[in-house]
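Read-outs: derived from the displayed coordinates by stated rules, not from any lab. What you see is a predicted model; the values in this text were computed from it and never measured. No Cβ is skipped: glycine too gets one built from the backbone with ideal geometry, and neighbour counts run over all protein chains shown.
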Amino acid sequence: MIRAAHAADVDAIAALHTRARATYYRGRLPEEAYAGAAELAASREGWSRAVARSEAEGRVLCAEEDGRLAGVAAFRTGAGETTLTQLHVDPALWRRGIGAALHTACLDAWRAAGVDRVRLEVYEHNLRAQAFYARHGWRQDPAVPRSGTHLTLVLEVGALSGE
């Protein structure tokens, strides 16, 4: 089941976010940078702000499986641009279609809002995420040169025939 996130979900979202990030940052960044107490507090604060946004500013969607948080997606719209800021599935629940369901829910929301193009940044070493996004029509943004540790991808929402 996909639903809008609530303030009561923030602790579970932050914990899931930390577990998911560990799968691609472990061995590449110091643990404190993605799973330390300060990072968890910052993550929780960021998720609190995201959940509190107005629908016009963006959404946070939760996927539930068997009554518990299984995944989360967040996007933000501002200055005429929509960005998928987060899409995470609990690593213990990978390969069950949860990410695809969250992606479809985001597409539905973007289409309903008249969004034609969405962007995201993905960690260069997160090959699993890059493959997921490629399967769903995302492509590297030719207008944004690669820099740092992240790639910028774009999705032309109007070009997709539905999922």
#### Entry: Approximate spin-label separation Ala113-Asp66, in nm, with each point projected 7 Å along Cα-to-Cβ
3.3 nm
### Summary
Out of Ala42, Ala70, Ala20, a Gaussian network model of the chain with alpha-carbon springs under 10 Å gives the largest mean-square fluctuation to Ala42
### Task
Could you tell me whether segment 12-72 comes out rounded, prolate or oblate from its Cα gyration tensor? Rule is a ≥ b ≥ c as square roots of the eigenvalues, rounded for a/c under 1.5, then prolate if a/b exceeds b/c, otherwise oblate.
oblate
### Message
Run through segment 9-72 and list the chymotrypsin sites (Phe, Trp or Tyr not before Pro) located in a DSSP loop whose Cβ has at most 10 other Cβ atoms within 10 Å.
### Response
none
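Relative contact order for segment 2-159 using alpha-carbon pairs under 8 Å, separation at least 6, rounded to a whole percent?
19 percent
Using a 10 angstrom Cβ neighbour count of at most 12 plus a DSSP loop assignment to flag exposed trypsin sites (Lys or Arg not before Pro), which longest range of the chain is free of such sites?
The answer is 1-94.
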#### Entry: Of the GluC sites (Glu not before Pro) in segment 2-62, those whose Cβ has at most 16 other Cβ within 10 Å and which sit in DSSP loop
Glu31, Glu55, Glu57
### Query
Just one of [x] 0.95; [y] 1.19; [z] 0.99 is Cα Rg over 2.2 N^0.38 Å as worked out from the coordinates here. Which one is it?
[z]
### Task
Indicate the gyration tensor shape class of segment 1-46 (rounded, prolate or oblate), computed on the Cα atoms with a ≥ b ≥ c the square roots of the eigenvalues: a/c under 1.5 is rounded; otherwise a/b larger than b/c is prolate and the rest oblate.
oblate
